[in-house]
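**Q** One structure is given below, represented as structure tokens, and several questions about it will come after.
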Protein chains: 2
Amino acid sequence: MTFSVTVLGSSSALPTSSRYPTAHLLNAYERFFLIDCGEGTQIQLRKFRMKFSKINHVFISHLHGDHYFGLFGLLSSMSLLGRSDNLHIYSHSELKNILDFQLKYYHLGFEIVFHELIEGKIAVIYEDKQIQVTTFPLNHRIASNGFLFKEKTKEKNIRKEMVDYHQLSIRDIVKIKKGEDFIDAEGNIVPNENLTHPPFKQRAYAFCSDTAFDPSIVPVIEGVDILYHESTFADDMKIRAQDTAHSTAKQAAEIAKMANVRKLLLGHFSARYTDLEVFETEARQIFKNSFNVIEGQTYSVELEREYNS
Amino acid sequence: MTFSVTVLGSSSALPTSSRYPTAHLLNAYERFFLIDCGEGTQIQLRKFRMKFSKINHVFISHLHGDHYFGLFGLLSSMSLLGRSDNLHIYSHSELKNILDFQLKYYHLGFEIVFHELIEGKIAVIYEDKQIQVTTFPLNHRIASNGFLFKEKTKEKNIRKEMVDYHQLSIRDIVKIKKGEDFIDAEGNIVPNENLTHPPFKQRAYAFCSDTAFDPSIVPVIEGVDILYHESTFADDMKIRAQDTAHSTAKQAAEIAKMANVRKLLLGHFSARYTDLEVFETEARQIFKNSFNVIEGQTYSVELEREYNS
């Protein structure tokens, strides 16, 4: 029941000797979702011992090179490693043209299924039994999209000991999970809360990069467990942040606070900063639970029951 | 008067957690020539503290991704770093199409001057006062070119003390450098060898990757100081080497021996090998001065006078 994200790159457009460009790998129930794929992503995947073969879905936020230049090498390596499963790519339409053109020059042993992101729209772009992925518009110099990965509504869980005690049938269990009380053979009403544990909370992770400060995203990312929000600059460069449609650490923290998230991850650091402490320090003035991402680190969200629900 | 090559990548098509794909950086008199540009080359350049801005010429051997997928990121970073000087790229013509297509999507602040490599021909593709670059055909699954970087013929050097002693004019010096004797005011003939040091040897470095074993390249690379020859496989995989148009370490050593080079560098190691010792061991059975390349290491050729000439 894993729900975690591993950060593979933390730099902005210019990588440094110690920081790679953007890529995150979300593990939701051993399904792996790659979000952005900067140059060297395949090298980072290997370094941190993540299997290429488990990635079936790749989401590209926007078409600045530091967010997708690693895709060609990754596709080539997947093919060399014998991949035959389809790979789903979610991106703006021009990436399809770029890929089609590049793929003329080498043969992939698998199919790419391309899902076009529509500019400026909030839309569900993926779902399965457990997870739903929603994209939403960010505010950047070119079309840029955020992604929200959220577990679906969870049912209550039956207390195991009650199944035997009340001799519950499958049919009873289905009803009880939906919230009904149980009436036993003698006509006694057993209240639902005696029969069940509260459901697990829906876990959620939101990815917001690249973007200027834009509170219009707050309703979409409200209450997520982990918010990754770019913070290319510290407060000393807030004019430059505005001019380039990027955010400062403080602005990321403002969004985290407004959206009442549980944890804020900061990243996409400009190469001009060698010491990154200023990002955490400034963000924590506004939102305490702020952290600079560390490449190779995995941030997990544990299952918790909704006792307050 | 530096003449050295720094190896930035040593892996074949699949990078590993410790090996990057192909890229070499030749420093000839502080002119920097980049040969191949696999994914992550810009990251390696930064790691090893090589300045992007000094690279004005990029040579791409062939259009398998592990030899050029780093080019897009490098160009983008050069532009972000404020480059305005032209960049010369020497490659097969399809790369121009790929670049033109990619460059539609972002603006470079400098011009690319594209020099097309003609398949199957030996040709001089670059020269300046000190250096000449010759390309020659390799033997691979697609058009693949080797590159020979060679200093031009050197003149003899005047012994400084002789200039004062014989009161030599500029005109005298020019003649003496070309090998003439000197006749002083009293009509004495001073032999040229008393007036000069022998010239420095022409230094040379040859890059041969990717290629199957092919002795037809021997006359071109004859006597080079450093031969880089791919050795994707050890002898256990020689059938696979043949099938994929790659070489074994032994085959690279055979070429080094036939061409009577001074030092052989082995690289382009298949990801299936974690311990690379076998490459050196096998190559040294045939050519003693064989070395596995080490990423980040610089291999220099010192100036030596031609005392035997």
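FYI, it's all coordinate maths here, none of it is from the lab. Worth saying up front: this structure is predicted, and the values here are computed from it rather than measured. Glycine also receives a Cβ, built like all others from the backbone with ideal geometry; neighbour counts cover every protein chain displayed.
**Q** Pick from B:GLU230, B:GLU127, B:GLU39 the residue whose mean-square fluctuation is largest in a GNM of chain B, springs joining Cα atoms under 10 Å.
**A** Per the Cα network of chain B with a 10 Å cutoff, B:GLU127 tops the list.
**Q** In terms of the Cα gyration tensor, with a ≥ b ≥ c the square roots of its eigenvalues, is region A:34-96 rounded because a/c is under 1.5, prolate because a/b exceeds b/c, or oblate?
**A** Values: a/c = 1.88, a/b = 1.31, b/c = 1.43.
Here region A:34-96 falls in the oblate category.
**Q** Right, something else. Return one number: the angle in degrees, 0 to 90 and rounded to the nearest 10, between the long axis of the Cα atoms of helix B:277-286 and the longest principal axis of the Cα atoms of chain B.
**A** Approximately 50 degrees, to the nearest ten.
**Q** Helix A:71-80 sits at what angle to the longest principal axis of chain A, using alpha carbons and giving 0 to 90 degrees rounded to 10?
**A** Approximately 70 degrees, to the nearest ten.
**Q** To the nearest 20 debye, what charge dipole does region A:157-197 have about its Cα centre, counting +1 at the Cβ of each Lys and Arg and -1 at the Cβ of each Asp and Glu? Kindly include the intermediate steps, with their values, before the conclusion.
**A** On the way: 6 positive and 8 negative charges, 55 e Å.
So the dipole magnitude of region A:157-197 works out to roughly 260 debye.
**Q** When DSSP assigns beta bridges and you keep just the ones with both residues in chain A, what percent turn out antiparallel, to the nearest 5? All intermediate terms of the calculation are to be shown ahead of the outcome.
**A** On the way: 34 of 60 bridges.
Close to 55 percent.
**Q** Now for a different question. Any idea what the A:ILE122 label distances to the other copies are, label 7 Å down the Cα→Cβ vector, nm, shortest first?
**A** A:ILE122 label point versus its equivalents elsewhere: 6.9 nm.
**Q** If you don't mind, another one. About its Cα centre, what dipole magnitude does the protein assembly as shown give when the only charges are +1 on Lys and Arg Cβ and -1 on Asp and Glu Cβ, stated in debye to the nearest 20?
**A** Working: 70 positive and 78 negative charges, 49 e Å.
The dipole magnitude comes to about 240 debye.
**Q** Select from A:SER53, A:SER216, A:SER169 the residue whose mean-square fluctuation is largest in a Gaussian network model of chain A (Cα-Cα springs shorter than 10 Å).
**A** Between A:SER53, A:SER216, A:SER169, it is A:SER169 that shows the largest mean-square fluctuation.
**Q** On to the next question. Just B:LEU25, B:LEU63, B:LEU99 to compare: in a GNM of chain B, with alpha carbon springs under 10 Å, which one fluctuates most?
**A** Greatest mean-square fluctuation among the candidates belongs to B:LEU99.
**Q** Give, rounded to the nearest 20 debye, the magnitude of the charge dipole that chain A has about its Cα centre when Lys and Arg contribute +1 at Cβ and Asp and Glu contribute -1 at Cβ. Please list the in-between numbers first.
**A** Numbers: 35 positive and 39 negative charges, 94 e Å.
Charge dipole, chain A, about its Cα centre: 460 debye, nearest 20.
**Q** Volume per residue, Å³, of the convex hull around the alpha-carbon atoms of region A:157-197?
**A** 61 Å³
**Q** Take the alpha-carbon positions of chain B, form their convex hull, and give its projected area averaged over all directions (one quarter of the hull surface) in nm². Could you put the intermediate results ahead of the total?
**A** Details: hull surface 72.6 nm².
In nm², the orientation-averaged hull projection of chain B is 18.2.
**Q** Same structure again: How much FRET efficiency would the formula 1/(1 + (r/R0)^6) give for A:SER4 and B:GLU30, where r is the Cβ-Cβ distance and R0 is 56 Å, rounded to 0.05?
**A** Details: r = 48 Å, r/R0 = 0.86.
Efficiency for this residue pair is about 0.70.
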